[in-house]
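Q: Have a look at this one.
The values are calculated or read from the model by the stated rules, or taken from the named source; none is laboratory data. Small disclaimer: the values here were computed from a predicted structure and weren't measured. As a convention, Cβ positions derive from the backbone with ideal geometry for all residues, glycine included, and neighbour counts pool all protein chains shown. Just so you know, the surface numbers come from the protein's heavy atoms only, side chains and all, with ligands and any DNA or RNA stripped out. Shrake-Rupley method; radii C 1.70, N 1.55, O 1.52, S 1.80 Å.
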Amino acid sequence: MHALTESEIRSSLVNATVRERKSLILPPDFEETNWERTDFVGWRDPKQPVVGYVVIPTGVEPVGIMLRLGGRQPRKRPLCSFCEDVLLPNDVAFFSAKLAGAAGRKGDTIGTLICSNFECSKNVRMKPPPTFGGHDPEAVRQQRIESLRTRLAGFAGRVLGTST
């Protein structure tokens, strides 16, 4: 992912009001982001922990999505819809996102399960256990990174209304 500025992140939000864009608080470690090892930027708002943001790179411009933590969380350990890590070192939570445009203004949303603190880029880069990696763990890791990017693009497309 290429490095993003604060203004690029704010302007990328497709399902937020102007007021919500202005009140966005970047993560405290934003300046230390390792862009080469990041497939998307995701964080929880430090002042409103029920609000989260993801910024997903797409063909031309990044797509920023404002999320809300669901009120009722899964009881069992669910699978993250982004990284699909079966050996999760972290919690997964249900988030909803208003759709972009007129649909979102009418109140239409979609929901998905995501790592609570958006660790997906880190999760897919971990060395897979021998049972998953076989003789070429690096090939498995690269495939997991590509799969994450595909699922991220699909989520961005659903919010934008350009895919199902």
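Q: Given the structure, is L113 exposed (fewer than 15 other Cβ atoms within 10 Å of the Cβ), touching a Pro at 6+ places or on another chain (Cβ under 8 Å) and within 27 Å of E36 (Cα to Cα)?
A: No; evaluated as a whole, the condition is false for this residue.
Q: Can you report the number of residues in segment 125-164 which are open to solvent by less than 60 Å² (accessible area, probe 1.4 Å), modelled with pLDDT of 85 or more and either farther than 18 Å from C115 by Cβ or in contact with a strand residue (DSSP E or B) (Cβ under 6 Å, 6 or more places away or on another chain) (or both)?
A: Qualifying residue count for the region: 6.
Q: Mind telling me which of the residues F155, F94 ends up being in contact (Cβ under 8 Å) with a residue 12 or more places away in the chain, among the aromatic types (F, W, Y) and in a helix (DSSP H, G or I)? Walk me through it before giving the result.
A: On the way: F94 fails: in a helix (DSSP H, G or I).
So the residue among F155, F94 that is in contact (Cβ under 8 Å) with a residue 12 or more places away in the chain, among the aromatic types (F, W, Y) and in a helix (DSSP H, G or I) is F155.
Q: Is segment 97-108 home to any residue that is in contact (Cβ under 8 Å) with a residue 12 or more places away in the chain, within 14 Å of L79 (Cα to Cα) and either open to solvent by 50 Å² or more (accessible area, probe 1.4 Å) or not in a strand (DSSP E or B) (or both)?
A: Here is the first cut: in segment 97-108, the ones in contact (Cβ under 8 Å) with a residue 12 or more places away in the chain are 97-101, 103-104.
Remaining after also requiring within 14 Å of L79 (Cα to Cα): none.
No, segment 97-108 contains no residue that is in contact (Cβ under 8 Å) with a residue 12 or more places away in the chain, within 14 Å of L79 (Cα to Cα) and either open to solvent by 50 Å² or more (accessible area, probe 1.4 Å) or not in a strand (DSSP E or B) (or both).
Q: Give just the number: which of (1) free of Cβ contacts under 8 Å to residues at least 12 places away in the same chain; (2) closer than 24 Å to R144 by Cβ; (3) touching a strand residue (DSSP E or B) at 6+ places or on another chain (Cβ under 8 Å) does R21 not satisfy?
A: (2)
Q: Moving on to the next point. Would a scan of segment 111-120 turn up a residue that is assigned to a helix (DSSP H, G or I) and closer than 24 Å to M1 by Cα? Please lay out each step first, then the result.
A: Kept after step one, since they are assigned to a helix (DSSP H, G or I), are these residues of segment 111-120: 120.
Now drop any that are not closer than 24 Å to M1 by Cα, which leaves 120.
There is at least one residue in segment 111-120 that is assigned to a helix (DSSP H, G or I) and closer than 24 Å to M1 by Cα.
Q: Within segment 79-112, take every residue that is more than 16 Å from the chain's Cα centre (by Cα) and under 21 Å from S147 (Cβ atoms) and give me the one that is modelled with the highest pLDDT.
A: L87
Q: Surrounded by fewer than 17 Cβ atoms within 10 Å (Cβ to Cβ), more than 23 Å from A153 (Cβ to Cβ) and in contact with a Leu (Cβ under 9 Å, 6 or more places away or on another chain): does that describe E6? Before the answer, list the steps.
A: Details: surrounded by fewer than 17 Cβ atoms within 10 Å (Cβ to Cβ): yes; more than 23 Å from A153 (Cβ to Cβ): yes; in contact with a Leu (Cβ under 9 Å, 6 or more places away or on another chain): yes.
Yes, satisfied.
Q: Just to be sure, is D45 within 21 Å of I145 (Cβ to Cβ), open to solvent by less than 60 Å² (accessible area, probe 1.4 Å) and acidic (D, E)? Full working, then the answer.
A: Values: within 21 Å of I145 (Cβ to Cβ): no; open to solvent by less than 60 Å² (accessible area, probe 1.4 Å): yes; acidic (D, E): yes.
Against the criterion (within 21 Å of I145 (Cβ to Cβ), open to solvent by less than 60 Å² (accessible area, probe 1.4 Å) and acidic (D, E)), D45 does not qualify.
Q: Right, here's the next one. Taking only segment 17-33 into account, find how many residues are part of a loop (DSSP other than H, G, I, E, B) and out of contact with any helix residue (DSSP H, G or I) (no Cβ under 9 Å at 6 or more places or on another chain). Walk me through it before giving the result.
A: Within segment 17-33, the subset part of a loop (DSSP other than H, G, I, E, B) is 17, 24-29, 33.
Retained after the next criterion (residues that are out of contact with any helix residue (DSSP H, G or I) (no Cβ under 9 Å at 6 or more places or on another chain)): 17, 25, 27-29, 33.
Result for segment 17-33: 6.
Q: Hey, any hits in segment 71-81 for a residue that's basic (K, R) and buried (at least 17 other Cβ atoms within 10 Å of the Cβ)? Show your work before the answer.
A: From segment 71-81, those basic (K, R) are 72, 75-77; that's our starting set.
After this cut, where a residue has to be buried (at least 17 other Cβ atoms within 10 Å of the Cβ) as well, the list is none.
Within segment 71-81 (the criterion being basic (K, R) and buried (at least 17 other Cβ atoms within 10 Å of the Cβ)), the answer is no, since none of the residues qualifies.
Q: Quick check on V63: is it open to solvent by less than 20 Å² (accessible area, probe 1.4 Å) and either within 23 Å of I145 (Cα to Cα) or aliphatic (A, V, I, L, M) (or both)? Working first, answer last.
A: Numbers: open to solvent by less than 20 Å² (accessible area, probe 1.4 Å): yes; either within 23 Å of I145 (Cα to Cα) or aliphatic (A, V, I, L, M) (or both): yes.
When the stated conditions are applied, V63 passes them.
Q: Mind counting the residues in segment 39-60 that are modelled with pLDDT under 90 and within 16 Å of the chain's Cα centre (by Cα)?
A: Within segment 39-60, residues that are modelled with pLDDT under 90 and within 16 Å of the chain's Cα centre (by Cα) number 2.
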